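Read-outs throughout are calculated quantities, based only on the coordinates presented, and are distinct from any laboratory measurement. Bear in mind the structure is a predicted one, so any value in this text is a computation, not a measurement.
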Amino acid sequence: MPEETNALIQKIKKAAASGATEHLVNIIKAGLATAPFCGGIASLMSDYIPSSKFQRLEQFAEKIAQDLDKLQDQVNETQLQTDEFAYIFENCFRGVADNYQREKIEAFRGILINSAIGSNLSEDEKQYFLNLVNTLSVLHVRMLKFMAKPSDYLNENNIPQEKIRGGFSDFFPIAIPGIKLEVIESAFGDLYRYGLISTDKTIFNTMTSGQGLHLLGNRVSPLGKGFIEFCTAPIK
């Protein structure tokens, strides 16, 4: 195994606390030794990733090891050795290398962990959602998570729930600070075109009978909810 890839595996082992986790890591390691993408991962890490990106990959690997430790009873060990998981593994690490934003990294973490413990999604659906994470901007991901899980989103971003008042044009700039309203509206329209939400951006200029979080209702589509769930690690 190339020195760079072995260094990453050793970092994962160092982060692992239990024998069960070490066993899982060994399974991943064995898969890396035979998977066709192994050379690509080694090249990715050694040829053109700056040190900051490599550090980000190391931190991500440590977090994944911790997640596997906590979820060891749910991990599908057979799944870890499939070509499907190899594809998810490679592309999640590549995604972390290419994206520094917390929301994107957390999305790749969720995809990797949910793939390791098993999912009722088909292989094509998993790959579609994985590609969607790469396609959408951080703003899109942030807005969709706010709409899908408003309480969790507000708590994670230290935004008092009582500040979410009025209509969409009033509270979205509070929930998504620092972004101009017209940009928010445009991103909102993108989410609608992707089928992730059921309301288009005209809602920002529509009079409504309610206000605040009540307006969010069930505006996230089943597709959007499935996407958010797959991109969310089942542990905190």
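Potential lengthening of the chain between Q81 and E156 amounts to 23.6 nm, from the contour at 0.36 nm per residue minus the alpha-carbon distance. Taking square-rooted eigenvalues a ≥ b ≥ c of the alpha carbon gyration tensor, is segment 140-229 rounded, prolate or oblate, where a/c under 1.5 means rounded and, failing that, a/b exceeding b/c means prolate? Rounded, because the longest to shortest axis ratio a/c is under 1.5. In this structure, the amide hydrogen of N76, modeled 1.01 Å from its nitrogen in the peptide plane, lies closer than 5 angstrom to those of I117, G118, counting only residues at least 5 positions away or on a different chain. Can you give me the C-alpha center-to-center distance between segment 97-140 and segment 163-236, rounded to a whole angstrom? Cα centroid to Cα centroid, the span is 20 Å.
In this structure the amide hydrogen of I197, modeled in the peptide plane, comes within under 5 Å of the amide hydrogens of Y192, S221, none closer than 5 places in sequence on its chain. Using a cut-off of 23 Å between Cα atoms, the listed pairs K53/K149; K163/K225; K104/K145; K126/K149; K63/K145; K63/K126 include K53/K149; K163/K225 as exceeding that distance.
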